[in-house]
Amino acid sequence: MKRFVFIFITLVGFTSVSQQSDFNTIDFKKADSISELYNHTALKNLPVLAHNLTFHLDSDVEKFRAIYKWVCLNIEGDYGFYLKTTRKRKKFKNDSLAFTNWNKSLQKKVFKQLVDNQKTICSGYAYLIKELASLSGIACEIVNGYSRSPSSQIGALGVANHSWNAVKLNNKWYLVDATLASGYFNVNENQFIKSYNDGYFLAEPEQFSKSHFPLDSKWLLLDEAIDSNQFVNRPMVYGSSFKYGVVPVYPNTLKIEVFKEGTIPFQLKILKDINLNDVQLSVSNGITKEAVQNDDFTFVDGILKLNYSFKTRGHYDFHVLIDDEVVVSYAVRVLKGDKLGRDLI
């Protein structure tokens, strides 16, 4: 696959603007090593576990880091349980009272599965993070809402399907998602694959809002809140976008229309130090798929601008990749006519 040509030295000294950078003077190696020291600890006594994870750490952010990392590395997602709860959520979508009663009974099952087998669904991850943080004197809340993927929350809100956490550090709220950070499901093999993604730790709210929409909008933590319609029509982002710190800025919708020969000026905010030689483009019309070399781009003040012209009518999946991992996707419809909208013979 062909790649952009870019001199990496331009990134030297680049500072991430993500919220994690509020703590860029703190070395998390000690907190991470402590979390690893207590790997495979049973959940029979949460106060003892919370004490062991935090006792030798000075700051709240280091204590929370040890808690968060331990949960991500030691708890597995339970795909079968997830499918059962998803079906129930759909069943009770239009019956709030029945949903509330069912949800209360569900929590007991979630907790039992969590304690007995260290397996759970998103609400179990969020519950455990909150409980361990609270036992350590750290304010933490469970946030319920919608998680967006290629199969959910596209064009319209479906059923609320996800839970994550907000944590208060130095009198400021931050967002984390231990569920998505811990790994992913291999659906074909019905297996949970452990694969830690640090990008979900204290993620920038702007980036979080591309794939998370809370029931209570205050947990967006944005200066200007978005509504559900904006959320379900945004470009598609993946775990890799958090991993590499990539946030789509423009276009701000998943579906785009452009006339033949028209150019779309894609813009991506880059939050982390990455080698832009690893940035790739892929365009597919459902039949053919090709890698694209494109030299028409700039990188200024953390914004990568990519100009791409579509030469042929049709429907296209347009992907931006880093190191062969898709980070952002768009669905492009190329219309009859030229870039000025004039019909072409």
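A few notes on this one:
- Some residue of segment 202-221 being among the aromatic types (Phe, Trp, Tyr) and in contact with a helix residue (DSSP H, G or I) (Cβ under 6 Å, 6 or more places away or on another chain): yes
- Filter pass, Gln280 being of a type outside the set (A, V, I, L, M), at pLDDT below 95 and crowded, with 20+ Cβ neighbours inside 10 Å: yes
- Residues (in contact (Cβ under 8 Å) with a residue 12 or more places away in the chain and assigned to a strand (DSSP E or B)) located in segment 166-186: Ala166, Val167, Lys168, Leu169, Lys172, Trp173, Tyr174, Leu175, Val176, Gly183, Tyr184, Phe185
- Residues satisfying the criterion are present in segment 248-271 (criterion: at positive phi, assigned to a loop (DSSP other than H, G, I, E, B), surrounded by fewer than 20 Cβ atoms within 10 Å (Cβ to Cβ) and over 15 Å from the mean Cα position of the chain (by Cα)).
- Tabulated pairs, segment 242-256, first more than 20 Å from Leu202 (Cα to Cα), second open to solvent by 50 Å² or more (accessible area, probe 1.4 Å) and in a loop (DSSP other than H, G, I, E, B), C-beta under 7 angstrom, 6+ apart or interchain: Thr253/Asn233; Leu254/Asn233
- Out of Ser149, Ser163, one residue alone is buried (at least 18 other Cβ atoms within 10 Å of the Cβ) and modelled with pLDDT of 90 or more. It is Ser163.
- Residue check for Glu62: part of a helix (DSSP H, G or I), at pLDDT 90 or above and open to solvent by 20 Å² or more (accessible area, probe 1.4 Å): yes
- Some residue of segment 187-208 being in contact (Cβ under 8 Å) with a residue 12 or more places away in the chain, open to solvent by 60 Å² or more (accessible area, probe 1.4 Å), closer than 23 Å to Gly239 by Cα and of a type in the set (A, V, I, L, M): yes
- Residue within segment 16-30 that is part of a loop (DSSP other than H, G, I, E, B), among the hydrophobic types (A, V, I, L, M, F, W, C), exposed (fewer than 13 other Cβ atoms within 10 Å of the Cβ) and at pLDDT below 95 present: no
- Cβ-Cβ under 7 Å pairs, at least 6 apart or on other chains, segment 35-56 side more than 13 Å from Leu128 (Cα to Cα), far side among the hydroxyl-bearing types (Ser, Thr, Tyr) and assigned to a loop (DSSP other than H, G, I, E, B): Asn52/Tyr38; Leu53/Tyr38; Thr54/Ser136
- All conditions in (1) open to solvent by 50 Å² or more (accessible area, probe 1.4 Å); (2) assigned to a loop (DSSP other than H, G, I, E, B) hold for Lys218, with the sole exception of (2).
The values are calculated or read from the model by the stated rules, or taken from the named source; none is laboratory data. Keep in mind the model is a prediction, meaning the values are calculated, not measured. Positions of Cβ are generated from backbone atoms using ideal geometry, with glycine treated the same way; all protein chains shown enter the neighbour counts. Just so you know, the surface numbers come from the protein's heavy atoms only, side chains and all, with ligands and any DNA or RNA stripped out. Shrake-Rupley method; radii C 1.70, N 1.55, O 1.52, S 1.80 Å.
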